[in-house]
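So the structure is just underneath, and the comments pick up after that.
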Amino acid sequence: MIERYSRSPMKDNWTAKAKWDRMLKIELLICEAWNKKGLIPEKDLKNIQEKASYQPERIYEIEAQTHHDVVAFVSNVAENIGESGKYFHLGATSSDILDTCLAWQLKDATSIILEDLTLLADTLKEKALQYKNLPCIGRTHGVHAEPTSFGLKFASWYAETMKNIERIKIVQTEVKTGKLSGAVGNYANTDPFVEAYVLEKLGLSIAPVSTQVVSRDIHAHYLTSLAILASCLDRYATEIRHLQRTEVREAEEPFGKGQKGSSAMPHKRNPILCERISGMARVIRGYALTGLENVALWHERDISHSSAERIILPDASILMDYMLHIFCRVVKDLTVNQEQIAKNLELTWGACFSQGLLNILISYGYSREKAYELIQKTAFQAFQEKRHMLEILKLSPDLDKDIPYEKLEQAFDIQPYLRHLDEIYKRIGVLP
């Protein structure tokens, strides 16, 4: 991933050094296990532990000749060890090391993502409570519908974020699956004890059945879970982008001192962070598709997945961490224009209260069709004449004059649209 979208410690988790350090640890634990099985003498194990090291330049030099990164790594370490280097990588195949290393990296990556999600959930919860009783217009199809609570937007995002936390926790239990079962997964030249010893030391799980690799459905699950999470962030970002439109202007993402919105138009204040999140979500969804295609490998293994995974797993992880960080900042520093929210609530001249009015007319004996027709006609007239629809309705010859005016006024009360918020908030844990 480019530096622009990379943050520590996530980016550090995917460096070549981080990978080689983990590979070395795995290989040394393999040697320990064989020592306990009596295959590596104590003297050689001590020599391996003291001298095992690698030099990046030498690894690249050997790889240029062998065209095999693990062979290059093993050869470099073995030549540093000397005579005892013959025991280094004993009974292992390349994917034993690579898949176990990857499991370790994904375990750490999911931990970082869970930390990010927890911070986002806390921020969303705070905003949900802050704006709980702020009435705003709800929109469906981009068109004014009925009044709702501005805080309910954040409550919805909070509830979804909590679901994403549970998803990532489940995925973490899967991705931390390693294997040291040999070239085709049957332990022909190794021992299940070695696998169990190493993976327990690393806090990783053992693949119940593996071929030369851990089954790629695990990695597909990781990527599709990130794609769902990215799509949720895309949804939230898209909402803010719409709310920031000049015609709406109910909310605006942070705009720092000295920030410029356009090279040509000084007045511009664009939702660039939310647009960035939407763009990145498209990338992660694409990576998820590649992850699904990586599941089907030839026989016990081919390497069609390998080249793709070197890109998509680090990039998706780093992007996800960045997206969560950016969106948390957007939410925390979001400008909410309460005056504009109130103005927008009045734009339909009362028509947004039409369903409550419909129910009142039905309660006074109107058929649903007759009541619907009267209210629709009144609403359209209100738009055209720019007059409140209650004012028009009370003069309509089609209105039953026995209906008390006070009863009609009740339809335009904002409180019924907020009265069940406590119940919703308690259901999702925002309120105790």
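Some values worked out for this structure:
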{"item": "Residues of type aspartates and glutamates that LYS51 reaches as a straight line, Cα spacing below 18 Å, ignoring anything fewer than 8 places off in the same chain", "result": "ASP21, GLU27, GLU32, GLU42, GLU79, GLU83"}
{"item": "Between 0 and 90°, nearest 10: helix 354-363 axis offset from the chain longest Cα axis", "result": "60"}
{"item": "Positive-end residue of PRO9, TRP298, LEU204, charge dipole of the chain with Cβ unit charges", "result": "PRO9"}
{"item": "Highest-fluctuation residue, HIS219, HIS67, HIS388 considered, GNM on the chain with Cα pairs under 10 Å", "result": "HIS67"}
{"item": "Globularity index of segment 270-324, i.e. its alpha-carbon radius of gyration over 2.2 N^0.38 Å", "result": "1.39"}
{"item": "Peptides ranked, highest mean first, by Cβ atoms within 10 Å: ranges 162-174, 275-287", "result": "275-287, 162-174"}
{"item": "Cα centre as origin, Lys/Arg/Asp/Glu Cβ charges: segment 351-411 dipole, Debye", "result": "100"}
{"item": "The chain: relative contact order in percent, alpha carbon pairs under 8 Å with at least 6 residues between", "result": "17"}
{"item": "Mean Cα-pair separation over length for segment 346-432, i.e. relative contact order, pairs under 8 Å, 6 or more apart, %", "result": "32"}
{"item": "Derived scalar couplings ³J(HN,Hα) [segment 253-263; Karplus, 6.51 cos²θ - 1.76 cosθ + 1.60; whole Hz; x for Gly, Pro]", "result": "5, x, 9, x, 4, x, 5, 10, x, 7, 6"}
{"item": "Qualifying lysines (Cα of each under 21 Å from Cα of LYS176; at least 8 residues distant if same chain)", "result": "LYS11, LYS17, LYS19, LYS25, LYS107, LYS163, LYS201"}
{"item": "Cα gyration tensor shape of segment 246-285, rounded if a/c is under 1.5, else prolate or oblate by comparing a/b with b/c", "result": "prolate"}
{"item": "Aspartates and glutamates with Cα under 13 Å of LYS153, excluding same-chain neighbours fewer than 8 positions away", "result": "GLU126, GLU239, GLU250"}
{"item": "Whole-Hz ³J(HN,Hα) from phi, Karplus 6.51 cos²θ - 1.76 cosθ + 1.60, for segment 181-186, glycine and proline x", "result": "9, x, 5, 10, x, 10"}
{"item": "Rounded Å value of the spacing that divides the Cα centres of segment 314-392 and segment 245-304", "result": "28"}
{"item": "Highest-MSF residue in the chain out of ALA92, ALA64, ALA288 [GNM, Cα springs under 10 Å]", "result": "ALA64"}
{"item": "In order through segment 134-140: 3J(HN,Hα) via Karplus (6.51 cos²θ - 1.76 cosθ + 1.60), integer Hz, x for Gly, Pro", "result": "8, x, 8, 7, x, 10, 10"}
{"item": "Net charge dipole size for segment 267-355 [Lys, Arg +1 and Asp, Glu -1 on Cβ; Debye, nearest 20]", "result": "360"}
{"item": "Solution diffusion estimate, µm²/s, Stokes-Einstein, segment 151-201, Kirkwood Rh from C-alpha pairs, 25 °C, viscosity 0.890 mPa s", "result": "176"}
{"item": "Read-out Cα extents along the principal axes in Å, derived from the coordinates shown; its label in [x] 57, 52, 42; [y] 103, 51, 40; [z] 71, 50, 43", "result": "[y]"}
{"item": "Prolate/oblate/rounded call for segment 97-187, Cα gyration tensor, a/c under 1.5 rounded", "result": "prolate"}
{"item": "Student exercise, the chain dipole from Lys, Arg, Asp, Glu Cβ charges, in Debye to nearest 20", "result": "820"}
{"item": "Cα centroid separation, segment 61-88 to segment 210-238 (Å)", "result": "34"}
{"item": "Three-way shape call for segment 3-87 based on the alpha-carbon gyration tensor, with the a/c threshold at 1.5", "result": "oblate"}
{"item": "Hull volume in cubic angstrom per residue (convex hull over the Cα atoms of segment 94-343)", "result": "147"}
{"item": "Over segment 321-432, equivalent-ellipsoid semi-axes from the Cα gyration tensor in Å", "result": "37, 19, 12"}
{"item": "Within a Gaussian network of the chain (alpha carbon springs, distance under 10 Å), most fluctuating of GLY151, GLY350, GLY182", "result": "GLY350"}
{"item": "Exposure proxy ranking, count of Cβ atoms within 10 Å, fewest first, for THR123, THR335", "result": "THR335, THR123"}
{"item": "Rg followed by Dmax, in Å, when segment 282-383 is reduced to its Cα trace", "result": "27.2, 74"}
{"item": "Highest average packing first - 323-334, 93-104, Cβ atoms within 10 Å", "result": "93-104, 323-334"}
{"item": "Dipole of segment 3-87 [Lys/Arg +1, Asp/Glu -1 at C-beta], most positive-end residue of GLN55, VAL71, LEU24", "result": "LEU24"}
{"item": "GluC sites (Glu not before Pro) lying in DSSP loop within segment 342-397, provided at most 12 other Cβ fall within 10 Å", "result": "GLU346"}
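Where a number appears in this text, it was derived from the coordinates with a stated rule and is not lab data. Because the structure is predicted, anything quoted here is derived from the model rather than measured. Virtual Cβ from ideal backbone geometry, glycine too; neighbours counted across all protein chains shown.
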